[in-house]
Structure formats: C-alpha cells, structure tokens
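Notes follow the structure.
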Amino acid sequence: MAQVPAIEVSGLKKKYGDIQAVDGTSFSVDEGEVFSLLGPNGAGKTTTIEILEGLRNKDSGTAKVLGLDPWESGYELHKRIGVIPQGFKFLDYPTPREALSYYGALFGRKVDPDELLRRVILDDASNVWFQNLSGGQKQKLGMALSLVNDPQVVFLDEPTTGLDPQARRAVWEVVRKLKDEGRTVMLTTHYLEEAEELADRVAIMKHGKIVAMGTTAEIESKFGSGQRMVVKGGDDLLKYLRESTRLHAEGGAGSITIFLRDKSDAMVALGAIEESGAAWEDLTVRRDSLEDVFLKLVGEGGSIEKGVE
Amino acid sequence: MGFSLSRMVSDLKIYGKSSLRSREGFFFTLVFPIILILLFGAIFSGGGASQSTVYVQNHDTGPVGATFISALNSTSNYCSTSSGAGLCMRPVPADLNFSQYLSSKSASDGIIIPANFSLAFESGQKVNVTVFGNPSSTASAVVSGIVAEVVNGFNLHGATGVHQVGITPRTAVSSNYKYIDFLVPGLVGFAALTSPMFAMVNISSTYRRDKVFKLLSLTPLTKTEWLLSKIIWYVGTTAVSFMLMAAVGVYAFGAHIALNWGIGIFLVLGPFFFVSLGMLVGSVSNTPEAASVVGNLVTFPMMFLSGTFFPVSSMPKYLQGIAHVLPLYYMIDGLNEVMIYGNFGAAYFDMAVLLGISVVVFALAVRFFRWRED
C-alpha cells in the first residue's frame, strides 16, 4: 500500500499586495520524514509553513496536512500537529512548568510538565519566569509546548535563529529525538548547516518558488557543476587562464575557482597554472557542496547566513 | 467548539499569576488606587485631614453664653492649625435660621445657646444647650463629647452646684454632600476605565507582535473564553480597587458610602465594557502605534469628563452634553446614585445603558479580533 504523505502541497500561491510571497510551490513530505525549507529571508518559507499550520489562508493551490485542509479544519488538525511560531514568545511571567500545565489544560490533556521538560532538556529551568529564560531555553519551551498534544507532525519555523552554537546544537538534539519518535518534522531555516544536519530532504526556496529539492546529495549532484579546482592566486593568473584556455574560471579576493567538466579539464587547468608563471598556492579539488549550490541558485546577495561555529 | 469553563479558568489562572508577578500589574491594581484617593482626597478636602467645623449660634445676650463659648474654644479650637485633627468652632449670627445655615454649609455639627441662658443659669434654673449632630458620624460624636465636658464644668462651678445645664441632642444629616462622597465613585470609575483599557490595548498589540495569539489559535481555547477570562480578572481588580478606595475614603476623609448590591452590578459592568472596548480598539488598529493613539483618544476624554474628579452637574452645559455620550459617565452616575443617594430608580437606567453597550462592544471585539491572518 502506498504511503499517504503527511504534507502535500501543490501549486500553492499567496500574495501580499504586490508581492508574490509564495508562487506556485509544490512538494510532499512523507510520514516520519524531516523536511527542510531552506532559503534567504523573504523567500516565502514562513508564509508556506503558516499556511500549512492553518494560520494563514492561501490564495490558490492545494495544501493538505494529514489529509486535511489546514485553514478549514481548525481544531481537527490542530490537535494532531505541533507548532512553534518564528521567534516564539509567551507571557512574561509564567514558568515553563506553569506554561506546560496551562497548555495541557487547554488541550484537555493531563500532562507531566517535568517529563516534557526533560525531553527538551529544559528541566534545569522549570521554575524560571519566561522573561528570564535564555533564547535557547525559550525555544526549547516552545518545543515542549508543541509536544503537549503528542502531535504527528511538528512545524518548526526557524527554531535556531539568533541562538548561540551551543543552544543550536541542543535544539538539534531535540529535533533528532522527534524523528526517532517517528514524528514528521517540517523545518524552515536559513542556516545551510542546519538543513544538512537534520533534514532527510531539503527544498531551496527563492522568491516564493522552489528552485531545488531532494536529499542534499541529490541536490549537489543535480545542481552542482561537479568538481571544481580552487587555487590561491592573483588577477594575472585568472587573466592567463581565461585567455589561454577555454576553461570557465571565476575569481576575486585572491582565490580562483575553475569549474571542471571532466578529468581532462583538470589536466588542462594544472598545465595552464604551471605555464602562467604566476604565483599560486593551496590548490585543492573538491565536489560542489550544498553551500555552493545554494549560492549558485539563490545568488550571492541572498543574505545567506552560515552557521556560526 | 463549545464553551469550556475549565479552559477559561486555566486562562484566568495563568493571566492572573502573570499580572500579579508583573510590577505594573501590582502597582495599578493595589497601589495606584490608594495614591489616587489620597492625592485627590487631600487636595480637595481643604486642609486638615479630619478637621471638622462646628457652627455655634449664641442667642444669649448675657455673659454666661460668652463664657460657655470661650470654654468650648479653649478645649478644642484647632481652626488655625493646618495639620492634625480637631474641631473648629465658627460663630453663626443669631438672626439666621440655624438648620438652614448648617445644610447650606453641608455641615451637620452645631451648637445653639438659648436666649435665656445667662438669666436661667444665674437664677439657678435648668437650661439646655442644643447640639446638632449626625449620629453616624464620628466627628459628631467628638463634638457631643466636648460639649458634655464643657457642660459638666459649668454644672460643677454653677450657682447651685447641681445638674443645671443640660443637652438637647438634635439630628442633622446634611442633604448637601461632601466632595469626597463624589470622589470615591468617580475614582472607582476611573480605575475601572484605565486599568483594563491600557492593559487590553497593550495586550492586543504585544500578543500579535510576539505571536502569542497565533500560538493560542492552535489550541482549543476560543476567543470568547480568552476575552471572558480577561473580563473576570479585571472585575476582580476593580473590586479590589473599590475596596481600597472606599476604605481610604471612609476612614481618612469621612466619606459616606451606602454599601449595597447596586455597587456590585457596576463593578461588573464597568470592566466588562472597558475590557471589550480595549480589545476592540486594539483589534481594529493595524499597528501598535495606532492602537495606542486610538486608545488614548478614547480614554482621555472619558478620564476627565465623566465625573471622575468633579461631579458632572458642576460642569458647563456643553461639557455635560459631551459627558452624556461617554460610557464611563453611566458607570459613575450609576455609582453616585447607589453609593450616595441610594436612588436605585435612576441607577437602573445607567445599568441598562452599560449592559447594552457592553454586550454590543463585547460582540464586536470577539468578531474583529483575529487570532490568525487571511
């Protein structure tokens, strides 16, 4: 029997005034999968995820979560999904334990706040007022809240934006636990590293459209130009390479990248570098990474942020 | 999804806890009302906090009446001191109608020395001074105590040494009310307006900014349950404010308050209306700045023109016209009717007006405030 997808989106569109925030996106997420929407700020990630959560209405297309229309089904859906809005905030003064009891009461569920806090590794701050929690602790409380109703699908909208590396890793650990528990996770992020670490599949968004989708390996091989040679050298070397070979080379800031179509390109490149008589050092050959693909697809100006390590 | 009492109570509990832990919430619920009543009570009670004036009319032409008055003055004349409690004796011309004079001064304490006082005293006959007072007033009790003391002294040193001078007590309850009597209902109305309005306008924008509404929209909590829990909370804080202000008004400034169920009705209707109005203002405003401007535009005229600090009847006619379209007027007018005059007939109309607009504004607030966006 074919598996029913947890999330199914096709031809989804949403416009704010003149801006087409989501422009005909289509994708589906299988049950138990961790799926990441990756893109620069303003690419339409949050709008897409909020439509799926039932927080925004779509203009056209279809969006189904667990077979339900998110905007129409309301609580039918909400009792089966967990959500942390971007930049999650709560009332200033309740403690995490109180917040969880409250949330449980709203859902009519008897919850054990301490057990939930242990699961998100927040049991050390269970009695601290929300306003005094650190950014990472707030995010973790958001995750614990989203788990109160034991959801099948969890939506995390930029869960680690603005967190320090240690807090980010702690959040990642919780996301991995969610996957181990068999939950479907949809995650938006503008950190490449986060998508690579967590996601089974990634969709890269730009201007409301999905420009690449698949596992990171699939995206790298499909959209990457294969091997590239990177060498440190000046403008004289770049000029020589462009004039004396038919290789595609790009450079700047003392680093030159030569795109290799096959092995003979590599030999030609090496020969030309040697013949140029220009100074060079640190020559490496590597495959395109997700970052290379991302920059190629989204553009250098895509305000991409690399994970801070 | 139907209404759930337990969800509403859960929401009330967490909101209440949060409010009490916040310094602003604590201040506006418990401290601010006391500051207000102390401030305005002190400004308008004219000098000494619990000094009361005793009017004395001397019909006696002989020397004994004058001696009696100087004896009164020597025991208790504090007219000149600006601080502290005490009695201030003020002479009243003998040709005036004393009862009318007392009520024209909104006073209830006074002493009349009869025309034949010297004659009777010197000839050893029994004679009575008349003491006016309000039996329920502590000031009146002090006055009659002092008069009794002076009378005793006269009886000891009189011509016969027997019980010669007596006291005829008379009840005088002033039909004119003191400023403090209007101030308590006015400030209760003020508290019922400002605390919920500012809180709700603020909540409507910060909850939207912080996506708390989005978070709540993903739970079974309904907008009606959420808004009702806020109303219940502010009914509670307004009741606390009322008790604090009434206590300060009565004990520090001698305000007269008739306690009855009518007060309770207004203490519920007022916050019901202003919580709904604050939420409506916040919901129809697109930005926090706009919400704050609209909130102030709605709040400030009501704060000053609805009889909060001055009775509406003392304002010029055109301002009275404006007052009558301000919802807070009906709360304060109603509170005045039940707390001061015990006039329920007039208060029923105020209750009906408040209930009517409250239901409408509550429905509009629930209708217009959105958890989520299109």
Q | The one condition in (1) closer than 26 Å to B:VAL250 by Cβ; (2) at pLDDT below 85; (3) surrounded by 13 or more Cβ atoms within 10 Å (Cβ to Cβ) that B:TYR55 fails to fulfil | A | (2)
Q) How many residues are modelled with pLDDT of 75 or more and outside any helix (DSSP H, G or I) when one looks only at the stretch B:142-166? A) 3
Q: Can you tell me which residue among A:PHE107, A:PHE155, A:PHE90 is within 12 Å of another protein chain (Cβ to nearest Cβ), in contact with a Phe, Trp or Tyr (Cβ under 7 Å, 6 or more places away or on another chain) and not acidic (Asp, Glu)?
A: A:PHE90
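Being of a type in the set (A, V, I, L, M, F, W, C) and either at pLDDT below 85 or under 30 Å from B:TYR251 (Cα atoms) (or both) narrows it down to one residue among B:ALA94, B:ALA139, B:ALA115; which is it?
Working: B:ALA94 fails: either at pLDDT below 85 or under 30 Å from B:TYR251 (Cα atoms) (or both); B:ALA115 fails: either at pLDDT below 85 or under 30 Å from B:TYR251 (Cα atoms) (or both).
After applying the criteria, what remains is B:ALA139.
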Q. Any idea which residue in the stretch B:304-343 is farthest from B:MET197 (Cα to Cα), counting only those that are among the β-branched types (Val, Ile, Thr) and not in a helix (DSSP H, G or I)?
A. B:VAL325
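Would you mind stating whether B:VAL235 is touching a residue at least 24 places away in the same chain (Cβ under 8 Å), surrounded by fewer than 21 Cβ atoms within 10 Å (Cβ to Cβ) and touching a Pro at 6+ places or on another chain (Cβ under 7 Å)? Spell out how you get there, then give the answer.
Numbers: touching a residue at least 24 places away in the same chain (Cβ under 8 Å): yes; surrounded by fewer than 21 Cβ atoms within 10 Å (Cβ to Cβ): yes; touching a Pro at 6+ places or on another chain (Cβ under 7 Å): yes.
Answer is yes for this residue.
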Q. List the pairs whose first member sits in the stretch B:206-218 and is more than 7 Å from every other protein chain (Cβ to nearest Cβ), whose second member is surrounded by 21 or more Cβ atoms within 10 Å (Cβ to Cβ), and whose Cβ atoms are under 6 Å apart, counting only residues at least 6 apart or on separate chains?
A. B:TYR207/B:PHE213
Q) Residues B:VAL248, B:VAL293, B:VAL284, B:VAL268: which one is modelled with pLDDT under 90 and β-branched (Val, Ile, Thr)? A) B:VAL284
(Q) Of the residues A:ALA195, A:ALA170, only one is more than 14 Å from chain B (Cβ to nearest Cβ), surrounded by 22 or more Cβ atoms within 10 Å (Cβ to Cβ), in a helix (DSSP H, G or I) and in contact (Cβ under 8 Å) with a residue 40 or more places away in the chain; which? (A) A:ALA195
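Condition check: modelled with pLDDT under 90 and more than 9 Å from every other protein chain (Cβ to nearest Cβ). Does A:ARG97 satisfy that? Walk me through it before giving the result.
Working: modelled with pLDDT under 90: no; more than 9 Å from every other protein chain (Cβ to nearest Cβ): yes.
No; evaluated as a whole, the condition is false for this residue.
Considering A:SER36, A:SER26, which residue is surrounded by 23 or more Cβ atoms within 10 Å (Cβ to Cβ), assigned by TED's automatic domain parsing to the domain that holds A:LEU145, within 26 Å of A:THR216 (Cβ to Cβ) and among the small types (Gly, Ala, Ser)? Before the answer, list the steps.
Details: A:SER26 fails: surrounded by 23 or more Cβ atoms within 10 Å (Cβ to Cβ).
It is A:SER36.
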**Q.** Subset of the stretch A:110-120 [without any contact (Cβ under 8 Å) to a residue 12 or more places away in the chain and within 14 Å of chain B (Cβ to nearest Cβ)]
**A.** A:LYS110
Q. Mind checking which residues of the stretch A:65-85 are more than 9 Å from chain B (Cβ to nearest Cβ) and under 19 Å from A:PRO159 (Cβ atoms)?
A. A:VAL65
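I need the full set of residues from the stretch A:49-64 which are touching a Gly at 6+ places or on another chain (Cβ under 8 Å) and either crowded, with 23+ Cβ neighbours inside 10 Å or within 8 Å of another protein chain (Cβ to nearest Cβ) (or both), in order please.
Initially, the stretch A:49-64 is screened for residues touching a Gly at 6+ places or on another chain (Cβ under 8 Å), giving A:54, A:60-62.
A:GLY54 - this is the single residue of the stretch A:49-64 that is touching a Gly at 6+ places or on another chain (Cβ under 8 Å) and either crowded, with 23+ Cβ neighbours inside 10 Å or within 8 Å of another protein chain (Cβ to nearest Cβ) (or both).
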Q: Hey, could you check the stretch A:94-109 for residues that are in contact with a Ser or Thr (Cβ under 7 Å, 6 or more places away or on another chain) and over 16 Å from A:GLN139 (Cα atoms) and say which is surrounded by the most Cβ atoms within 10 Å (Cβ to Cβ)?
A: A:TYR102
Q: Could you tell me which residue of the stretch B:1-52 is modelled with the lowest pLDDT, considering only residues that are within 14 Å of another protein chain (Cβ to nearest Cβ), in a loop (DSSP other than H, G, I, E, B) and surrounded by fewer than 15 Cβ atoms within 10 Å (Cβ to Cβ)?
A: B:MET1
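Can you pull out every residue in the stretch B:236-259 that is part of a loop (DSSP other than H, G, I, E, B) and in contact with a Leu (Cβ under 9 Å, 6 or more places away or on another chain)? Full working, then the answer.
From the stretch B:236-259, those part of a loop (DSSP other than H, G, I, E, B) are B:254-259; that's our starting set.
Residue satisfying the conditions is B:ALA255 alone.
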**Q.** Search result, residues across the stretch A:129-152 that are farther than 21 Å from A:ILE81 by Cβ and away from chain B (no Cβ under 12 Å)
**A.** A:LEU133, A:SER134, A:GLY135, A:GLY136, A:GLN137
Q. Which residue pairs have Cβ atoms closer than 7 Å, lie 6 or more positions apart in sequence or on different chains, and pair a first residue in the stretch B:351-368 that is among the hydroxyl-bearing types (Ser, Thr, Tyr) with a second residue that is surrounded by 18 or more Cβ atoms within 10 Å (Cβ to Cβ) and assigned to a helix (DSSP H, G or I)?
A. B:SER358/B:LEU269; B:SER358/B:PHE272; B:SER358/B:PHE273; B:SER358/B:SER276
Q. Looking at A:LEU68, is it touching an Asp or Glu at 6+ places or on another chain (Cβ under 9 Å), among the hydrophobic types (A, V, I, L, M, F, W, C) and surrounded by 23 or more Cβ atoms within 10 Å (Cβ to Cβ)?
A. no
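The values are calculated or read from the model by the stated rules, or taken from the named source; none is laboratory data. The structure displayed is predicted, hence computed values, not measured ones. Counting neighbours? That spans all protein chains shown, and the Cβs are built from the backbone with ideal geometry, glycine included.
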